[in-house]
1. Only one residue in Asn161, Asn111 is outside the structural domain of His311 (by TED's automatic domain parsing), polar (S, T, N, Q) and under 21 Å from Phe83 (Cα atoms). Which one?
2. Could you check Tyr211 against (1) in contact (Cβ under 8 Å) with a residue 60 or more places away in the chain; (2) assigned to a loop (DSSP other than H, G, I, E, B); (3) touching a Phe, Trp or Tyr at 6+ places or on another chain (Cβ under 7 Å); (4) over 27 Å from Thr286 (Cβ atoms) and say which number it fails?
3. Go through (1) at positive phi; (2) without any contact (Cβ under 8 Å) to a residue 12 or more places away in the chain for Gly421 and report which single condition fails.
4. Could you list, in sequence order, all residues of segment 214-225 that are more than 16 Å from the ligand (Cβ to nearest atom) and in a helix (DSSP H, G or I)?
5. Does Ala82 satisfy being under 25 Å from Tyr211 (Cα atoms), crowded, with 18+ Cβ neighbours inside 10 Å and not hydroxyl-bearing (Ser, Thr, Tyr)?
6. Specify the residue that is nearest to the ligand (Cβ to nearest atom); the eligible residues are those in segment 244-259 that are at pLDDT 90 or above and hydrophobic (A, V, I, L, M, F, W, C).
7. Is segment 226-238 home to any residue that is free of Cβ contacts under 8 Å to residues at least 24 places away in the same chain, part of a loop (DSSP other than H, G, I, E, B) and either exposed (fewer than 15 other Cβ atoms within 10 Å of the Cβ) or more than 25 Å from the chain's Cα centre (by Cα) (or both)?
8. Can you tell me which residues in segment 207-247 are more than 25 Å from Tyr354 (Cβ to Cβ) and either polar (S, T, N, Q) or in contact with a Pro (Cβ under 9 Å, 6 or more places away or on another chain) (or both)?
Amino acid sequence: PEDFFKNVISHAKEYGFIFPSSEVYDGLSAVYDYGQNGAELKKNLREYWWKAMVQLHDNIVGIDAAILMHPTTWKASGHVDAFNDPLIDNKDSKKRFRADTLVEDFAEKINQKAQKEIDKARERFGDAFDEEQFVATNARVKEYKDKQKAILTRLAHSLENNLLADVKALIEELEIADPDTGSKNWTDVRQFNLMFGTKLGASAENAMDLYLRPETAQGIFVNFLNVQKSGRMKVPFGIAQTGKAFRNEIVARQFIFRMREFEQMEMQFFVRPGDEMKWYEYWKETRLKWHLSLGLGRENYRFHDHEKLAHYANAAADIEFKFPFGFKELEGIHSRTDFDLKAHEEYSGKKLQYFDPELNENYTPYVVETSVGLDRLFLAVFSNSLKEETLEDGSTRTVLALPAVVSPIKAAVLPLVKKDGLPELAKSIVEDLKWDFNVTYDEKDAVGRRYRRQDALGTPFCITVDHQSLEDKTVTIRHRDSMKQDRVSVSSLRSLILEEVGMHRW
Ligand code: ATP
C-alpha cells in the first residue's frame, strides 16, 4: 500500500494533476498546486457537487462569501478559544506530534490485530461467516476490541474536558513511542490554535488582526438573513458554498489529505427546532448516495458516528473512505443546533431569527450541515481510479479509470498517420466537439502509445481517424475501460459522448 500511494503521488505529478507548491524553491509543506489536468478534475468534482446540492434541490441556494471576515466572527464561532490541537513533542527526536493522533494510531493497531483474526475466520467459514457473532464470542478478539474502545473513550473524555495532563498520562501508560525513533521521552501536552493570522490596513497602529477562515460555514451563518430575506426562503432551506479554507495543521502529511490551504464544499440546512434529527438522518443518507453515484464501490465507504462531539454539535457522523492508507474521514455531517446563529446574535447584537408563517412564531433555526473537502474527494477519486492492469497478451497498462463525468478530457482525437489529410479531418472533429466538452488532439507517436497516454490521463474516449474516415465519414471510438472499439459516424460522436459524460440520474 505504501508503494501504491507513492505511485499515486508520482502519477499525479507526471500527468499534470498535482505539483508541490513553489517547487522551484523546494516546495511549501502541505501546500499543493493543481496542474492543467488536476484543475479540470477538481472543477468537475466541484460542479458535480454543486449540481447535486443546488441545481437538484429547489430549496437550496448557493453563495460565495469572502475568505476574510470580521474578526469577531471567530470569537462567536468558538474558533479563537476552541480551535486547538493538542500537541506533544518528543524530547529526543525533537519531533512534534498531535497527541490525539498518537493515541488513535495506537488504538488502531490493536484494532488491526482483531481485524486479522476476523479476516482469518472469514476465510475459514466462507459465506456462513457472521462477523458480529464472531466478535462477540471470540475472547481474544473481544479483548482487543474492548481495549481499543476503552482507550478511545478515555481519550475523548480527556479532550472534551481539556484534561491535557491526562492525555499525557495515557500516552505514558500505553508506552507509546515516537514511531520513527522508538523514544518514549515526551514533553507535556499543549494546545495550539490552528488559525492563520493576517492584518488588514497599512499602518501598524490602525491595522486590524484578521484570520484566514478555517471553515467556510461561518460565511453562510452571517449571511443567513440576507439570503432568507432576499430569496424569500422558507424553512427548511439550505445555503451551499464552495471555497478555500486555511488551517495551520501541525501534522500535515499524506499528500492532499491534510493540507494547510484546502477547499471545502459545505451546505448548511436550516430547520425547525426539533426537526433536526430527521434532517440529520436524511442528509447522512443523501450524501452517501451522492458519493456512491461516482461508482467507486460501496465497500469503500462507511459511516463513523461520533462519540466525541464538537462544542457546537448534538450529533455528528463522518462518511469515511478507504484511502490508500486506510479508512479516513472524507465528509462530515453535523447537527449544529442553533449554536452558531445564537452566538452571532449574541456577539453582534442583531437578531438572526426566522418568522415561520405556518407556526406564526419567530425562532432561531437549527442547522444540519454537510461538509466535504474537495481535495480529499479528489484524492479519493484519483487514488481509487488508478489501476495497473495486466492485459490478455501479458503486457501491462496504467489506466486512470475516472468516472467519465469528472474526467478532465472527455475525448482525444487521433489521426492514424500524420499525412493524407487525416490530421485535417481530425482537427475539424476537434473544432466541432470542443464547444460541448474538453477535447484534445494528439498526432505524436504510434497510436497504441497515444491510447496509453490517454488511459493514464483518464480520458474515457479515443477517436481515431483513418483512411476509411475520408471516404465514409466514420471513425473508430475506443472505450477506455473495456478498450473495445466501435466504428461510428462522425455525426453521431457528439451525442454518443455527451450521453456518457453527463450527470447520470441516481
Ligand atoms: P480532520 O479530523 O481530518 O482534521 P475535521 O473533522 O477537522 O477533519 P471538519 O472541520 O469537519 O474536518 O471539515 C470538514 C471537511 O473538510 C473534512 O471532512 C475534510 O474533508 C475537509 N478537511 C478538513 N481539514 C482539512 C485539511 N487540512 N486538508 C484537506 N481537507 C480538510
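The values are calculated or read from the model by the stated rules, or taken from the named source; none is laboratory data. Just so it is clear, the model here is predicted, and its values are computed rather than measured. Note that we place each Cβ from the backbone using ideal geometry, even for glycine, and neighbour counts take in every protein chain shown.
1. Of the residues listed, the single one that is outside the structural domain of His311 (by TED's automatic domain parsing), polar (S, T, N, Q) and under 21 Å from Phe83 (Cα atoms) is Asn161.
2. Going through (1) in contact (Cβ under 8 Å) with a residue 60 or more places away in the chain; (2) assigned to a loop (DSSP other than H, G, I, E, B); (3) touching a Phe, Trp or Tyr at 6+ places or on another chain (Cβ under 7 Å); (4) over 27 Å from Thr286 (Cβ atoms) one by one, Tyr211 breaks only (2).
3. (2)
4. Correct list: Phe224, Leu225.
5. no
6. Met259
7. yes
8. Those that are more than 25 Å from Tyr354 (Cβ to Cβ) and either polar (S, T, N, Q) or in contact with a Pro (Cβ under 9 Å, 6 or more places away or on another chain) (or both): Met208, Asp209, Leu210, Tyr211, Ala245, Phe246, Arg247.
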